[in-house]
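Participant: Below is the structure I would like to discuss, written out as structure tokens.
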Amino acid sequence: MSEMLKQNSDLKAAEKAGGRGKPQNASVKLALELGPLALFFFANARPKVFEPIVAPFLPASVLSGDSAGLFIATLVLMAAVVVALIASFSLTRRIPFVPLMTAVLAVAFGALTLYLHDATFIKMKPTVLYVCFSAALFGGLAFNRPVLPILFDHAMALTEDGWRVLTLRWATFFLVLAAMNEIVWRTQATNVWVAFKFPGLFILVFLFTLAQLPFIMRNKLDEEEAEKAPEHF
């Protein structure tokens, strides 16, 4: 989500963290964030490719049912997000909040999906994720605490009014994404929902991020102003 906003800011963020983290190459970061989603999409479309790998972990009834592709893709996603987190930590010695939250929900809802043999749970995961993000942002506004910088991994510094407006926009956008996910998975076939999840949601977030860039540039603080910026609104 914040990829375009932090290509030149990783080093500064690491320094502000007291040296606890290392800057991460933007291309590597993007690959680690999108890799698990791409594998999920591919595994659902070509489950036979992954079946020999996941067969020891899934019962035969699951592998032969109508939802075999989605169940196989779910297990692949669960493994991929864990591997991506480990890889990210090994490279930077830190784990950003958004990938961590995404991975936790992917593993939790994926486990429920596979244990109960019910695809509803993995389909609801994006809804829960976006509602949690939105609630956190609206809560931050209510208590004058800047939650959005955490979601952006402290990639930039804005004016107080800039953070407020941008937070409101992202909080509303996350609610829209949650509603869209609910509509798609409840009304469309599984393959349509998978395509909506990736690359559909990624495209929507990318376009929304692009649309915010002019506003961000108008409200961005320079380095000296950023050092003096308060920790709250």
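Participant: Determine whether residue 76 is assigned by the TED database to the domain that holds residue 189 and either at pLDDT 95 or above or not in a helix (DSSP H, G or I) (or both).
Facilitator: No.
Participant: Name the residue, out of 205, 184, 194, that is open to solvent by less than 30 Å² (accessible area, probe 1.4 Å), of a type in the set (Val, Ile, Thr) and farther than 23 Å from residue 100 by Cα.
Facilitator: 184
Participant: Still on this model: Looking only at the stretch 143-153, count how many residues are buried (at least 20 other Cβ atoms within 10 Å of the Cβ) and touching a residue at least 40 places away in the same chain (Cβ under 8 Å).
Facilitator: 4
Participant: Take the residues of the stretch 141-191 that are assigned to a helix (DSSP H, G or I) and of a type in the set (D, E, K, R): which is nearest to residue 130 (Cα to Cα)? Don't jump to the end; show me each part of the working.
Facilitator: So the first thing to find is which residues in the stretch 141-191 are assigned to a helix (DSSP H, G or I), and the list is 141-142, 148-151, 160-187, 190-191.
Imposing the further condition that a residue be of a type in the set (D, E, K, R) reduces the set to 160-161, 164, 169, 182, 186.
Numbers: 160: 24, 161: 23, 164: 19, 169: 13, 182: 11, 186: 17 Å.
Filtering first and then ranking leaves 182.
Participant: Suppose we filter the stretch 84-119 for residues that are in contact (Cβ under 8 Å) with a residue 40 or more places away in the chain, in a helix (DSSP H, G or I) and not hydroxyl-bearing (Ser, Thr, Tyr); how many remain?
Facilitator: 8
Participant: Hey, another quick one. Does at least one position in the stretch 146-157 carry a residue that is on the phi > 0 side of the Ramachandran plot, within 15 Å of the chain's Cα centre (by Cα) and not assigned by the TED database to the domain that holds residue 41?
Facilitator: Step one: of the stretch 146-157, the residues on the phi > 0 side of the Ramachandran plot are 153-154.
Narrowing further to those that are within 15 Å of the chain's Cα centre (by Cα): 153.
Going one step further and asking which of them are not assigned by the TED database to the domain that holds residue 41, we end up with 153.
Scanning the stretch 146-157, I find at least one residue that is on the phi > 0 side of the Ramachandran plot, within 15 Å of the chain's Cα centre (by Cα) and not assigned by the TED database to the domain that holds residue 41, so the answer is yes.
Participant: Which of (1) modelled with pLDDT of 95 or more; (2) open to solvent by less than 80 Å² (accessible area, probe 1.4 Å); (3) of a type in the set (A, V, I, L, M) does residue 157 not meet, given it meets every other one?
Facilitator: Result: residue 157 passes all but (1).
Participant: Please list, ordered by residue number, the helices (runs of 4 or more DSSP H) wholly in the stretch 1-68 having 1 or more residues that are of a type in the set (Val, Ile, Thr) and at pLDDT 95 or above.
Facilitator: 47-54
Participant: Inside the stretch 207-222, can you point out the residues that are part of a helix (DSSP H, G or I) and touching a residue at least 12 places away in the same chain (Cβ under 8 Å)?
Facilitator: Residues satisfying the conditions are 208, 209, 210, 212, 213, 215, 216, 218, 219.
The values are calculated or read from the model by the stated rules, or taken from the named source; none is laboratory data. Quick caveat: nothing in here was measured; it's all calculated off a predicted structure. Note that each Cβ is placed from the backbone with ideal geometry, even for glycine, and that neighbours are counted across all protein chains shown. With ligands, DNA and RNA removed, areas are computed over all heavy atoms of the protein, side chains included. Shrake-Rupley method; radii C 1.70, N 1.55, O 1.52, S 1.80 Å.
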